[in-house]
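The structure appears below as structure tokens.
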Amino acid sequence: MKQLLTITICLIALISFSQTTSLSVMESKEFKDDVKSNKILALHTTEIGVTAVVRDSKKNLLFDLFDKDLNKTYSKLIEISKKESYLGDLFYGDELKLFTLFKENKFDRKIACHVFNLKDKTHKKIELFSATVDKNQALFSGSSKRETGFALSPDGGSLVIATDNIKKNSNSYTVRVFNANTLELEYKKSYQESTEKFFEPNDIAIDNSKNVYVVGKLFLEGKAKKKKDKANYKFILNKISESKVDNLEIKLETEFISSLNINRSDQLKLYGFYSDKRDGRIKGGCSFVIDENTLNVINKNKNVLPKSVYDDLYGYRKANKKEGKELSSFYLDHILEDNQGNSYLIAEEFYITTQYVSNGAGGGYWTTVYHYNDILILKFTSKGNLEWGRSIFKRSTSPSYNVFLKNDELHVILNSGKNLTEKKDGRTKVSKGWFESSALYDFAYDVLGEVSYNKIQDNKGKTFYLPFYGAYQGDRYIMVSSGRKKKQFMSLQ
């Protein structure tokens, strides 16, 4: 009797712990590709519900269109060179622009733009510019998980591309501003040119007046991030126009800040994570509100991570001892803004390890393992103050989640084990056991940071969807399934 009562209580807890999502779920009909598709490069949806998907298939780009019911209406195969690789994409109105890099040889590079018109069902490729680099030198900065060398103005009229021009004896950086409709070059401007100091761009934005904002680190000596227990850099916000370049030095106190990211709405804001120990660690979140006209810091805030972050990661038994401990290896993936001007920063723990795999015959090989683990969520008010923070205790070896805001509620979409059960220490672990089937979940956070764990579907016997390859547009989120030839879409609304 006692054993039966225990089982009953566990089942009730399990049922209440994992609810059904309140989002409306719709799946498309399965469709088949003529060639194998390895990777989704871009997925965007117009306000009237037309979805465009561009995928990579070795020597081709696959361009598909789907109607509001996710039925395929158009498909085009575009031949590309083996030396042509994807850089990034921008979407506005009825046009999807996908940028590629063509490596002619060790030194010469060409940047092109594939323009897909969703309304006219047309495609054209336009070469934007050529560049020469030193041997083995990258044209674009950044080793983060997401490219930040491209930006589109809020009105969709202008786009900017930022490149590095680093030579053996000098540092130089360039922005090129194009008319987003004609792709004609409007102006080109160099900034942070120096034979002594190294600049590391973090993020870029462009306003409707064609002013470009680039924030990044200016190293004081060499490229070391730390010297004598102090940050060996200062942050510079560059405001670049066709006629001049203005700079704002963002002074640090005792903190280290790995990077700052730009969020432009009613005001220009910079967000990031800070540490008291060294670059790349996180003690808390910081924000800077900037006057775009005077380039002055109007407001600066610095807040430690709240205890709720440690509760989610370590459980209530260890949280008190872990509180204040600096996190590491987190990279900012998303900055979202709700209808009240509050900003959400979502970062994921990412690092790479190698491990030896024995083949059982006295030999073996080394393999690289990518770790996409815990998720950190911080909410800032419209004035830049940290309101709350949460985290997700997660383990994965591939990009596995995505986020969107709907009705001021933050949704984190991811795959996990079939049943989410709360551990004895209060934590909820997102992972899948060796013999456990998986399920698709919606973690929904309300305005106060309270979370509900909502199951979208059990994956066993059903289509397996990839939240990472998805997009939110026109009040709905769309993601695609796995599989190399047979595909399907799911819509959450």
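What to note about this one:
- Among the listed pairs K32/K83; K234/K300; K226/K300, those beyond 19 Å (Cα-Cα): K32/K83; K226/K300
- Distance distribution note for the stretch 289-359: the fraction of Cα pairs above 20 angstrom is 58%.
- The three principal axes of the C-alpha atoms in the stretch 151-225 carry coordinate ranges of 41, 20, 13 Å, sorted with the longest axis first.
- More than 22 Å apart - percent of Cα-Cα pairs taken over the stretch 52-165: 38
- By the Stokes-Einstein formula, at 0.692 mPa s and 37 °C, the stretch 206-347 with its Kirkwood radius over alpha-carbon pairs has D equal to 199 µm²/s.
- Based on Cα contacts under 8 Å between residues 6+ apart, the stretch 235-290 shows a relative contact order of 25 percent.
- Residues Y351, Y173 ordered from highest to lowest accessible area at a 1.4 Å probe: Y351, Y173.
- Across the chain, the mean sequence separation of Cα contacts (distance under 8 Å, 6 or more residues apart), normalised by length, yields a relative contact order of 12 percent.
- Using only alpha-carbon positions in the stretch 385-480, the gyration tensor eigenvalues give semi-axes of 22, 19, 11 Å once each is multiplied by 5 and square-rooted (largest first).
- The alpha-carbon positions of the stretch 222-304 define a convex hull whose volume is 105 Å³ per residue.
- Flagged links, alpha-carbon separation over 25 Å, of K97/K432; K29/K125; K230/K302; K72/K462: K97/K432; K29/K125
- For a straight C-alpha distance cut-off of 18 angstrom, the aspartates and glutamates reachable from K318 (same-chain residues fewer than eight places away being disregarded) are E326, D374, E422, D425.
- Here the stretch 33-97 was treated as a single set of alpha-carbon atoms; its pair distances binned every 5 Å from 0 give 4, 17, 28, 25, 16, 8, 2, 0 percent.
- Put the Cα centre of the stretch 103-135 next to the Cα centre of the stretch 236-313 and the gap is 33 Å.
- Rounded to the nearest 20 debye, the dipole magnitude of the chain is 1920 debye, with +1 charges on Lys and Arg beta carbons, -1 on Asp and Glu beta carbons, and the Cα centre as origin.
- For the chain, the spherically averaged projection of the C-alpha convex hull amounts to 27.4 nm².
- Note on K239: aspartates and glutamates with a C-alpha under 18 Å away, same-chain residues under 8 apart excluded, are D164, E186, E193, E200, D203, D207, E249, D266, D291, E292.
- Alpha carbon convex hull of the stretch 262-310, projected area averaged over orientations, nm²: 4.3
- Surface composition of the chain: carbon plus sulfur atoms contribute 47% of the solvent-accessible area (1.4 Å probe, protein chains only, all chains present).
- With the helix formula -39500 (n - 2.57) applied to DSSP H stretches of n ≥ 4, the chain reaches a computed 222 nm mean residue ellipticity of -2000 deg cm²/dmol.
- Per residue, the accessible area of the chain comes to 49 Å² when a 1.4 Å probe rolls over the protein heavy atoms.
The values are calculated or read from the model by the stated rules, or taken from the named source; none is laboratory data. The structure displayed is predicted, hence computed values, not measured ones. Neighbour counts are summed over all protein chains in view; Cβ atoms, including those assigned to glycine, are modelled from backbone coordinates with ideal geometry. Calculation scope for accessible area: heavy atoms of the full protein, side chains included, ligands and nucleic acids excluded. Shrake-Rupley method; radii C 1.70, N 1.55, O 1.52, S 1.80 Å.
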